[in-house]
Amino acid sequence: ANLHTLLKQALEQNAFELYFQPIVDATTGLIVRAEVLLRWQHEGQFISPDEFIPIAENSGLIVSIGRCVRQAVMQTIVEMQALGWPMSLAINVSTFEFWSHELQDEFCDSFTDIIEGLGVEDFPYELITLEITESLLMKKHAHLIQVLNELRARGIKISLDDFGTGYSSLSYLANFPIDQIKIDKSFIDRLAEGERHLALIEAIVRLSHALNLRVTAEGVETQEQLQVMMDNHIQEIQGYLFYKPIPKAVFFELLAKQA
Ligand code: G
Ligand code: G
Ligand code: G
Ligand code: MN
Ligand code: NA
């Protein structure tokens, strides 16, 4: 069977699993939030999202997969709250999930449906972060801004993922309703190459902080990189230096120890 057929089956059989990559406070090393990353194990083998997400996007399956991820994440938020660890979880959102006005409205409405299904009275929307990419903002649709504003009005946080890759326009930072940026790993990787890359990070951070945007550094792997982040007052760190993406049970064990 081809990958698309297998994906469809995986969705029907609930074969996807959420992994969690903890994000820590640079100073204390404590877990302060996490990014949710989808995992698919087929016949004992992990198939990378880099491989299956594009196929899901091209076939439209990404809409159902995205909804399934939101449902599972929101259920996890409710569980974590009940355990006394209210913590923000970040969900990756594909540009394809916002392809049309219709899909955008469906996306917005899904939260209410999911909450109804969860049977909770007051869902803590502020614990959901949606990671979007610049390719979405490039569409520059007035309706998109309206949708992002609607999500933010409920309390949902919007994060600009992979910042610095692609067509980074600094004007996105000022003109779009976002709450935080994630500095892409490629920037962190190139720090070792010299002063120019350090200057870029300094400028991005200064601008972000001036605009009241939170900054997370992604892909921090070494102590030296961590030091640069701390020197630049970047408080939130995600990377293998601290944690890789881990299954939910392992994530919960860490939180229980930290509580
Ligand atoms: O850990 P990693 O190899 O999972 O992630 C690879 C890529 O897949 C990343 O760019 C990440 O944003 C994307 N990705 C992971 N999980 C999801 C998901 O649930 N939805 C979408 N749209 N992308 C995801
Ligand atoms: O966790 P990490 O970012 O290293 O994973 C990179 C990619 O390798 C992921 O997209 C995932 O699909 C794949 N992968 C293969 N084996 C594993 C595994 O045991 N755990 C995790 N988290 N990912 C795996
Ligand atoms: O959504 P985004 O494209 O930002 O996905 C984050 C990706 O970065 C995931 O695939 C995650 O596994 C990966 N990642 C997170 N931290 C590190 C790191 O320190 N090193 C490497 N190589 N990959 C990382
Ligand atoms: Mn991401
Ligand atoms: Na990223």
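The values are calculated or read from the model by the stated rules, or taken from the named source; none is laboratory data. These figures come from a predicted structure and were not determined experimentally. FYI the Cβ positions are ideal-geometry reconstructions off the backbone, even for glycines, and counts take in every protein chain you see.
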Exercise. Pick from segment 226-247 the residues that are away from ligand 2 (no atom under 12 Å from the Cβ), within 21 Å of the chain's Cα centre (by Cα) and touching a residue at least 60 places away in the same chain (Cβ under 8 Å): which of them is surrounded by the most Cβ atoms within 10 Å (Cβ to Cβ)?
Worked result: Ile237
Exercise. Can you tell me which of Ser208, Ser159, Ser186 is within 16 Å of ligand 2 (Cβ to nearest atom) and closer than 22 Å to Ala26 by Cβ?
Worked result: Ser186
Exercise. Would a scan of segment 171-192 turn up a residue that is at positive phi, within 20 Å of the chain's Cα centre (by Cα) and at pLDDT 95 or above?
Worked result: no
Seminar exercise, completed: Residue set Phe20, Phe52, Phe16, Phe46; condition farther than 27 Å from Pro86 by Cα, touching a Lys or Arg at 6+ places or on another chain (Cβ under 9 Å) and either free of Cβ contacts under 8 Å to residues at least 40 places away in the same chain or not β-branched (Val, Ile, Thr) (or both); output residue Phe46
For this session: Please go through segment 86-108 and pick out each residue that is within 19 Å of the chain's Cα centre (by Cα), in contact (Cβ under 8 Å) with a residue 24 or more places away in the chain and not in a strand (DSSP E or B).
Result: Pro86, Met87, Val93, Ser94, Thr95, Phe96, Glu97, Phe98, Gln104, Phe107, Cys108
For this session: Would you point out which residue out of Thr95, Thr76, Thr5 is at pLDDT below 95 and away from ligand 5 (no atom under 16 Å from the Cβ)?
Result: Thr5
Exercise. When you go through Gly166, Gly239 one by one, which is the residue that is of a type outside the set (A, V, I, L, M), within 16 Å of ligand 4 (Cβ to nearest atom) and out of contact with any Gly (no Cβ under 8 Å at 6 or more places or on another chain)?
Worked result: Gly166
Exercise. Among (1) away from ligand 2 (no atom under 16 Å from the Cβ); (2) of a type outside the set (Gly, Ala, Ser); (3) surrounded by 15 or more Cβ atoms within 10 Å (Cβ to Cβ), where does Ile47 come up short?
Worked result: (1)
Seminar exercise, completed: Checked Leu61, Leu18, Leu38, Leu89 against criteria (crowded, with 18+ Cβ neighbours inside 10 Å, within 16 Å of ligand 5 (Cβ to nearest atom) and more than 19 Å from Gln180 (Cβ to Cβ)); the one match is Leu38
Exercise. From Asp50, Asp109, Asp105, which residue is within 16 Å of ligand 1 (Cβ to nearest atom) and either out of contact with any Pro (no Cβ under 7 Å at 6 or more places or on another chain) or of a type outside the set (Gly, Ala, Ser) (or both)?
Worked result: Asp50
For this session: Output the number of residues of segment 212-225 satisfying the condition of being among the hydroxyl-bearing types (Ser, Thr, Tyr), out of contact with any Leu (no Cβ under 8 Å at 6 or more places or on another chain) and without any contact (Cβ under 8 Å) to a residue 60 or more places away in the chain.
Result: 0
For this session: Sort out for me the helices (runs of 4 or more DSSP H) sitting completely within segment 111-207 that have 3 or more residues that are within 15 Å of ligand 5 (Cβ to nearest atom).
Result: 134-137, 185-189
Seminar exercise, completed: Note on Gln225: of the conditions (1) closer than 28 Å to Trp85 by Cα; (2) within 16 Å of ligand 5 (Cβ to nearest atom), unmet is (1)
